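The values are calculated or read from the model by the stated rules, or taken from the named source; none is laboratory data. Since this is a predicted model, take the numbers as computed values, not measurements. Every residue, glycine as well, gets a Cβ built from its backbone with ideal geometry; the counts of neighbours run over all protein chains shown.
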């Protein structure tokens with residue numbers, strides 16, 4: 001996000017809240033990937049807890065697997081890996097201790113809560129019921145599970161060992177019945193980036209507060225419409241327009257007369273002369289020919305190649321390493 005890994009943003013926020021030790025519950029392959037990309041740790045110490053190969057343990061099972069690393073001394077924070085939450089971790093831990101809760105969930109108000117776990121909150125901030133992804137019109141409130149939890153070591157007693165466990169489906173409803181589940185409502189920015197439109201939206205919001213343009217080679221009569229984020233070693237040709245809300249990764253090459261707006265372009269992409277990209281996601285190492293038009297909600301997978309004069313209609317997905325030589329005028333979801 002904005003040319004930094006989501007994990008880096010998470011490490012930074014944890015460090016700002018004086019959290020010094022982080023355990024990543026991942027597969028071995030994910031650990032290798034993180035280390036390969038040398039994600040900056042922002043001063044926190046990182047260790048790993050591994051789910052068994054091809055046997056994901058779920059949100060609860062992964063916490064149980066990390067029990068020995070976490071220990072049984074103090075409450076701890078658990079975070080979902082696919083969300084951006086502007087939560088004050090110090091504050092939620094403080095409230096958690098005051099409640100003497102087994103679990104305290106960070107809660108956020110949204111317009112469409114049926115996509116998420118929904119909590120019904122009493123006046124004392126105790127969660128009286130918790131329903132995971134209820135049908136539209138049946139939600140008990142607009143307060144959703146923001147994917148940030150303060151947990152006491154007692155939580156391990158509620159999670160079976162050696163199998164996949166959903167903490168949302170199996171643990172939280174039980175804690176609610178026992179009056180041991182509390183909520184902490186926060187008003188800061190929160191977004192789930194599990195869908196492309198959500199991913200673009202959080203980049204837009206972060207651009208408004210964190211945009212910066214590093215040194216880059218710029219051609220004559222190039223128009224940069226802020227906010228934008230342009231990483232290192234980016235070259236932009238003459239009479240091109242970048243922004244608003246454009247993010248260009250490292251080593252991106254932009255030709256003459258190119259228009260890029262409301263889009264995220266990953267590192268190593270080549271965009272040839274007179275092409276336009278609007279509200280799309282362009283994967284790493286993609287090559288885009290001349291006079292190409294990429295429309296709203298398009299996703300182009302890593303290392304794909306788009307030939308000259310090709311148009312991609314709204315919602316088209318190009319799979320990684322695909323070679324597109326003809327226009328695609330109807331949306332597809334084949335990747």
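What to note about this one:
- Within segment 162-171, at least one residue is surrounded by 15 or more Cβ atoms within 10 Å (Cβ to Cβ) and either touching a strand residue (DSSP E or B) at 6+ places or on another chain (Cβ under 6 Å) or not assigned by TED's automatic domain parsing to the domain that holds residue 73 (or both).
- Any hit, segment 178-191, residues being assigned to a helix (DSSP H, G or I), over 22 Å from residue 285 (Cα atoms) and assigned by TED's automatic domain parsing to the domain that holds residue 116: no
- Residue match in segment 220-238 (condition: over 19 Å from residue 258 (Cβ atoms) and surrounded by 14 or more Cβ atoms within 10 Å (Cβ to Cβ)): no
- Within segment 88-141, tally of residues that are in a helix (DSSP H, G or I), free of Cβ contacts under 8 Å to residues at least 12 places away in the same chain and in contact with a strand residue (DSSP E or B) (Cβ under 8 Å, 6 or more places away or on another chain): 0
- In segment 70-87, residue farthest from residue 192 (Cα to Cα) [restricted to those that are within 22 Å of the chain's Cα centre (by Cα) and outside any loop (DSSP other than H, G, I, E, B)]: 76
- Number of positions in segment 1-35 that are without any contact (Cβ under 8 Å) to a residue 12 or more places away in the chain and over 16 Å from the mean Cα position of the chain (by Cα): 5
- Tally, over segment 271-293, of residues that are touching a strand residue (DSSP E or B) at 6+ places or on another chain (Cβ under 7 Å) and either within 16 Å of residue 320 (Cβ to Cβ) or in contact (Cβ under 8 Å) with a residue 24 or more places away in the chain (or both): 9
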